[in-house]
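Heads up, the thing below is written out as structure tokens.
The values are calculated or read from the model by the stated rules, or taken from the named source; none is laboratory data. Note that this is a predicted model, so its numbers are computed, not measured. Because the Cβ atoms are built from the backbone with ideal geometry, glycine has one as well, and the counts that use them run over all protein chains shown.
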Amino acid sequence: MKKLFFITAVLFFAASVCFAQDDIGSKLNRMGQQYTSFYLKPLNYSLSALNSGFFDDANVPFSATIPIGFHFKLSFKGFATFITSDDQVFNMTYVDSITVNNQMVPGYFTVTNAPTVFGSKTPPIATGYYYDPVTGVRRDTTQETIGGVLYSKVVPVPMVVPQLEIGHIYGTDITFRGFPKIDFGSLGKIGYFGVALRHNVSHYFTKIPFDFGVQAGYQNVFVKDKNDAEIVNFKTFFANVQASKSISIFIIYGGLQYEDYNSDVTYTYSPFGSPYQSNISYKLRDSYFKGILGGTLTAGLFRFNLEMSVARRFMMSFGIGVGQTFN
């Protein structure tokens, strides 16, 4: 099981954001908050795919005569977000501290088509100016900024995430997914946890010809460097209404989901050519509604599903697993 968690986590960072492998911590250390907030902006879009795949049907077993029973689904989930060209570059004017004659002075810079975290790995050159601290004369200067860590319009996030759904009490079940914090030595420490609670609503309306439910959940992904300093802490809350219809061995399902995101970014900023350091900490927030449509194929205990969802970006998820209801 530990090897499974190890492979899961490695796939997460190697195939998606590659935080540890491409040393995003060192990249962030070179730029101030104004710049990195634009640089990391697409991160929420990519990690929002994690809110997919929490259900592959809307049926939670319920019996008025036996309100407490047992069922389970053990599955492995994969996710991907399709970002746009605008998510890979940005333009901005920013202020950064530079060293001139052993003095820290503000530099005023402009950068065009600078790569985001999912843009080109080639660092762009920002052009700008500063005022000489001795003469007060304006002087032109340039600054090499930072390149991206994954140049792709298809951004996979945790490739193989174990998920367990168990229930049921009065038509309610609970789902867990993720892996614990693991120390990868020079790669740092990473961890992921998600939980969702779901309730069967269709049993209140016996004439509805499909299954109907509501669900709410919370998830957390964190990244720490080799010194155990946290770089990114991604938290998300979601709530949805869901419906499904079974046709022989096939289940079609869909839903409408509200999602709220909050990424805490923390790192140590070291201005170019300066021995001084400062601690940077800020939040990236977003929220929106997402439409979900998917299908599940059942074959005995086995279940295979594919899901598409649309919010500000198009996302996909897939799953394979086993499940059984005992009463």
Item checked: Considering residues of segment 52-85 that are under 16 Å from Ile320 (Cβ atoms) and hydroxyl-bearing (Ser, Thr, Tyr) only, the residue nearest to the chain's Cα centre (by Cα) -> Ser52
Next item on the list: Kindly list the number of the only condition in (1) modelled with pLDDT under 90; (2) touching a Phe, Trp or Tyr at 6+ places or on another chain (Cβ under 7 Å) that fails for Gly107.
Entry: (1)
Note to self: Please count how many residues of segment 277-327 are within 27 Å of Phe250 (Cα to Cα) and among the polar types (S, T, N, Q).
What the structure shows: 8
Margin query: Which count do you get for residues in segment 109-129 that are in contact with a Gly (Cβ under 6 Å, 6 or more places away or on another chain), exposed (fewer than 15 other Cβ atoms within 10 Å of the Cβ) and either of a type in the set (D, E, K, R) or part of a strand (DSSP E or B) (or both)?
Written below: 1
Check: Which condition number in (1) surrounded by 13 or more Cβ atoms within 10 Å (Cβ to Cβ); (2) within 25 Å of Gln277 (Cβ to Cβ) is the one that Leu150 fails?
Finding: (2)
Notebook entry, point to check: How about segment 220-327: which strands (runs of 3 or more DSSP E) wholly inside it have at least 1 residues that are among the hydroxyl-bearing types (Ser, Thr, Tyr), over 16 Å from the mean Cα position of the chain (by Cα) and more than 21 Å from Phe179 (Cβ to Cβ)?
Noted result: 230-247, 250-269, 278-299, 314-325
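May I ask you to say which residue of Asp96, Asp140, Asp132 is among the acidic types (Asp, Glu), farther than 30 Å from Ile166 by Cβ, surrounded by fewer than 20 Cβ atoms within 10 Å (Cβ to Cβ) and in contact (Cβ under 8 Å) with a residue 24 or more places away in the chain?
None of the others qualify; the one that does is Asp132.
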Item checked: Output for segment 163-176, where each listed residue is at pLDDT 95 or above and of a type outside the set (Asp, Glu) -> Gln163, Leu164, Ile166, Thr172, Ile174, Thr175, Phe176
Notebook entry, point to check: Are any of the residues in segment 301-314 within 30 Å of Arg30 (Cα to Cα) and of a type in the set (A, V, I, L, M, F, W, C)?
Noted result: no
Note to self: among the aliphatic types (A, V, I, L, M) and assigned to a loop (DSSP other than H, G, I, E, B): is that true of Val149 in this structure?
What the structure shows: yes
Margin query: Quick check on my filter: what residues within segment 287-302 are farther than 14 Å from Gln257 by Cβ and crowded, with 16+ Cβ neighbours inside 10 Å?
Written below: Gly295, Thr296, Thr298
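Each row is one residue, and each column tells you yes or no for (1) modelled with pLDDT of 95 or more; (2) surrounded by 20 or more Cβ atoms within 10 Å (Cβ to Cβ).
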{"site": "Asn233", "(1), (2)": "no, no"}
{"site": "Thr236", "(1), (2)": "no, yes"}
{"site": "Ala239", "(1), (2)": "yes, no"}
{"site": "Ala243", "(1), (2)": "yes, no"}
{"site": "Asn262", "(1), (2)": "no, no"}
{"site": "Thr268", "(1), (2)": "no, no"}
{"site": "Pro275", "(1), (2)": "no, no"}
{"site": "Tyr282", "(1), (2)": "no, no"}
Notebook entry, point to check: Taking interchain pairs and intrachain pairs at least six residues apart, which have beta carbon atoms under 6 angstrom, with the first residue in segment 234-247 and over 12 Å from Arg285 (Cα atoms) and the second outside any strand (DSSP E or B) and not aromatic (Phe, Trp, Tyr)?
Noted result: Phe238/Asn51; Gln242/Ala58; Ala243/Ala58; Ser244/Asp57; Ser244/Ala58
Margin query: Looking at Leu28, Leu11, can you tell me which residue is surrounded by fewer than 22 Cβ atoms within 10 Å (Cβ to Cβ), of a type in the set (A, V, I, L, M), at pLDDT below 90 and touching a strand residue (DSSP E or B) at 6+ places or on another chain (Cβ under 8 Å)?
Written below: Leu11
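So that you can scan it fast, the table gives a plain yes or no per residue for (1) buried (at least 18 other Cβ atoms within 10 Å of the Cβ); (2) not in a strand (DSSP E or B):
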site	(1), (2)
Ser48	yes, yes
Asp56	yes, yes
Phe62	yes, yes
Ser75	yes, no
Asp86	no, yes
Phe90	yes, no
